[in-house]
1. What value in Å³ per residue do you get for the convex hull of the alpha-carbon atoms in the range 693-748?
2. With unit charges on the beta carbon (Lys/Arg positive, Asp/Glu negative), name the residue among 230, 665, 135 whose Cα is farthest towards the positive pole of the charge dipole of the chain.
3. Can you classify the range 519-581 as rounded, prolate or oblate using the Cα gyration tensor, where a ≥ b ≥ c are the square roots of its eigenvalues, rounded means a/c under 1.5, and otherwise it's prolate if a/b beats b/c and oblate if not?
4. Kindly rank 271-277, 83-89, 373-379 from highest to lowest mean number of other beta carbons found within 10 Å of each residue.
5. Might you work out the accessible area of residue 187 for me, using a 1.4 Å probe with all protein chains in place, and round it to the nearest 10 Å²?
6. Taking the range 112-169, which trypsin sites (Lys or Arg not before Pro) meet the DSSP loop condition and have no more than 14 other C-beta atoms within 10 Å?
7. Once you've got the Cα coordinates, tell me which of 526/549; 621/876; 651/876; 628/876; 144/328; 328/584 are over 31 Å apart.
8. With labels modelled as points extended 7 Å from the Cα through the Cβ direction, what inter-label distance (nm, one decimal) is found for residue 135 paired with residue 253?
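The values are calculated or read from the model by the stated rules, or taken from the named source; none is laboratory data. These numbers come from a predicted model, not from an experiment. Methodologically, a virtual Cβ is constructed for each residue, glycine included, from the backbone with ideal geometry; neighbour enumeration extends over all protein chains shown. To get the accessible areas, we keep the full protein, side chains included, count just its heavy atoms, and leave off ligands, DNA and RNA. Shrake-Rupley method; radii C 1.70, N 1.55, O 1.52, S 1.80 Å.
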Amino acid sequence: MIAVVGVWMALTSWGGSVAVDAELEQAQTFRLYDGLTVFVVNTDGRDFTVSLDVRDLNSGGEGASGIVTSELLFKVSDPDGKPLVREVIPDDGIRESGPPVPPLGWYYVKGGQPTTHWSYSSDPARLAALSKRTVTRAIKGGPKGIYQILLVGTKDLYVTLRLAPALKYAVAPHNGPLHGHGSMFRKSYFYVPRGSVGLYLGFKEYDQPETRRFTVAAPDGKTLFDGKGSELKRGADQFAPTVSFNPPGLYDDKLLILEVSDGPCDYLARIGFFHNQLKSYHVHYGGVLSAVLAPDAETARAVQGGAIDHDGQVFWHRFQVRYYDWLKKLGPEDFVVRDHDGKEIPLVQVKTGGNAWDRGWSFEDLPKREGYIPLCGPHIEMPLCDRIMHDYPVHKNRRALNVAIRDLFERPTRVGGVAVPRPNGYASDGLRNITIGDHTALNGAGGNLAYHFGTWGWPYWRAGWRILQQSDAPQEIKDVIREAFILCGDRLAFGRGAERVNGNAWATLVQGLRYCYEATGDPLQKQVFETYFNAYITEGFGERTGISKSGDCQESLGHDQHYGTYTLDFWSTILADLGDQRFKAVLDRIVELYTYTWCRDANANPWSSRTPHSVAEEVLKRYGFMWKGDPGPDFTVNVNGGGEWFAARRKSYYIVTFHGRLTPVWLGESWGHRQGYGGGCICQLTVPGKGTVIASTLNGYYGDNMELWKWQGFHLHSIVGQMHDGRPLVTADSEHLAGRLVGNVVSSWGEVRDCPMRATRTYTFNDKDIVCELQLGETSYRPIVEGWASKPEISYAYEMIPFMPQATVTLLGADGQAAGALTAEPKEAKTVVLDRGGYGVRVELDKPMKVLRGHQDTLLIQVVEKPTLAGEVALKYRLVPLGDM
């Protein structure tokens with residue numbers, strides 16, 4: 001074991017002595033997930049020095065796309081909350097965006113083994129060999145008490161912390177767990193803030209077998225948990241406490257003890273308190289406050305879990321105390337809104353759209369200003385302060401302003417004589433809800449700041465901007481709000497982990513950042529926003545994140561037809577309020593994409609990652625939408641130049657094919673399903689001015705009923721069937737990332753996922769017909785394993801063509817004569833006619849082939865009847881749209 005100064009044992013040798021950087025022996029090394037607050041006990045107010053050695057794995061982390069840069073937010077504040085250091089340490093300059101990779105736990109769930117040991121990166125010898133950047137800052141003392149060091153980055157960062165002199169400290173994670181390695185946190189003490197009603201516990205060792213035991217004990221010796229991480233039992237509600245305190249407050253102001261047994265591997269530990277003052281995105285249970293782990297009881301009591309006791313209340317930041325004290329100076333009458341005649345104006349609930357959540361509050365008889373747009377469209381309820389401050393320039397009612405300022409801090413239960421219930425859908429409290437880590441209280445597992453701290457879960461950013469920049473509020477409270485927004489906005493700008501997967505919610509984080517820097521006018525926040533925004537719109541946070549090369553907001557590292565439109569609602573407020581034309585340029589591309597991908601008659605978006613449905617046409621028309629499937633001039637285009645969607649319109653047809661990115665298998669299967677299909681498939685074939693005849697659609701949300709083995713119930717354009725070894729074959733389960741358009745011909749190819757073969761699709765868009773060609777072959781990677789890998793054989797296969805359920809389907813033989821209706825029994829035909837009542841499509845085969853009707857309004861053309869090598873499978877046919885039949 002290697003000693004460290006002041007706190008826990010930081011590093012261990014692995015199976016013997018190793019050569020270790022001497023500086024590592026003097027320090028504590030943390031891997032960030034994604035943030036950490038260090039509470040430094042400085043009861044004498046001494047000067048001290050903070051030194052950081054920053055090492056970057058440059059691996060991209062796991063669980064999302066490889067991130068391009070790993071900047072580090074570094075802040076030091078004194079006991080009064082005054083920032084002494086506030087800076088962003090740049091990335092090391094190695095900028096590589098890797099492909100999406102699964103979290104290591106996924107391999108075990110799938111019955112496999114990871115390709116590397118997760119704990120390997122913490123090996124002291126490996127860390128010592130990594131290049132480091134050292135930052136040293138002298139901290140001027142003075143105030144006595146608890147100083148805070150805030151570090152926020154990515155999982156790729158290992159930060160070695162040294163204090164001189166060796167002051168005692170305690171640590172707490174932000175929206176993720178603590179990463180333990182060696183003998184870190186072997187025995188730790190953590191204080192229970194007053195008002196705590198339960199514990200959230202989470203422990204995990206990725207490397208198998210598990211070797212560590214985790215024990216949490218009460219001060220009376222009662223064991224609250226003892227076991228391996230996998231032995232933690234959690235109920236159906238993942239946000240419920242792991243351990244409830246009965247009665248609530250049972251352990252207020254007491255110390256609990258965590259003990260971690262020795263073991264060779266790293267682990268994650270997430271410990272938090274459910275607290276009756278804190279609310280979260282899921283308000284059934286309170287938000288979770290991170291426990292602060294200290295090396296001894298004395299340090300734990302000094303830090304007091306980061307809590308501040310004031311006037312019988314518990315706070316987490318000094319700005320909250322100042323805000324509370326300012327509000328306390330006001331009397332009840334200061335919050336009673338009256339008109340010029342002294343009559344009380346009642347607060348009323350109003351709706352601003354069609355969604356059940358789309359409601360807000362307004363003072364009935366105060367003058368209203370036109371143009372109010374909810375921050376998140378019709379999706380959540382806005383807080384009182386948002387509408388009050390929108391209207392403030394026209395009513396200038398000082399008491400209404402007081403109500404807004406109070407609501408920005410903490411939502412009241414009553415305003416005048418009106419009860420204000422807590423809504424579902426967002427964090428009910430404003431700045432009162434900011435806890436350790438400078439963000440809102442989170443769900444038990446923590447994680448996604450976009451949900452909890454973007455406008456989606458914390459819709460207070462705009463109201464704060466208006467109070468600071470558009471009101472005559474007293475300067476004293478403006479200074480407090482600005483202090484709070486600088487603190488919160490700095491942290492929000494480093495939401496770049498799990499946030500990247502939830503594209504629609506992530507857009508609200510960008511939205512919040514934009515309002516924040518407009519509110520504070522802070523130069524560093526402006527600079528950080530510019531960097532963040534540019535990365536968001538250029539995949540600078542990793543492949544498949546943010547705005548795609550095709551222009552849409554990516555979801556689950558793929559595309560989503562419904563959630564992808566949410567950004568239109570979110571960012572339209574920036575245009576209306578701030579006139580920032582950079583947002584308009586992005587929104588214009590999103591709308592342009594949807595003018596191609598949308599379909600009036602069907603949810604023709606088989607590539608959609610989470611939702612099977614689209615969005616109402618009238619919603620899109622608010623943003624200048626005009627569907628390309630309506631009659632118009634001929635075109636053949638690579639949509640938005642992204643190489644993913646290709647579209648063509650002629651007088652008799654409109655067609656869209658998809659060749660691009662899909663949600664990665666590992667991410668889709670975290671929901672138990674495949675999420676989205678492509679493979680160069682036809683999404684829709686519409687007769688302009690008439691209707692859609694062919695459309696590929698999904699069966700459910702988040703891939704429900706879209707597992708490969710359920711292909712017989714699919715409604716997709718794809719080769720479907722079975723491989724000779726029994727596995728299902730669905731060629732639409734492939735990404736054709738090299739799609740290209742030459743003249744009127746689109747061609748693409750891609751590896752079929754979980755299958756040793758590739759598929760090639762080619763479409764020729766003629767004036768009156770579309771020529772469709774398909775070629776299968778063995779995987780292009782087969783030469784790598786030549787000599788032992790057998791060539792892929794297909795037992796049976798069909799080309800599936802999905803048609804609209806309203807269509808009548810008849811067959812024509814080689815002689816052009818009627819050959820009956822399409823049925824579940826195979827029949828030979830040369831032409832299949834899809835008739836939607838006066839218009840439709842003729843499917844003309846190169847030669848007579850067996851065809852049959854699938855389970856869900858699909859035409860199945862049999863291309864393989866007996867075991868056949870993949871390279872021998874090819875098909876060619878014409879689609880002849882008919883406007884009049």
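1. 128 Å³
2. The Cα lying farthest towards the positive end belongs to 135.
3. Oblate, since a/c reaches 1.5 and b/c is not below a/b.
4. 271-277, 373-379, 83-89
5. 90 Å²
6. 140, 144
7. Going by Cα-Cα distance, 621/876; 328/584 fall outside the 31 Å limit.
8. In this crude spin-label approximation the distance works out to 3.9 nm.
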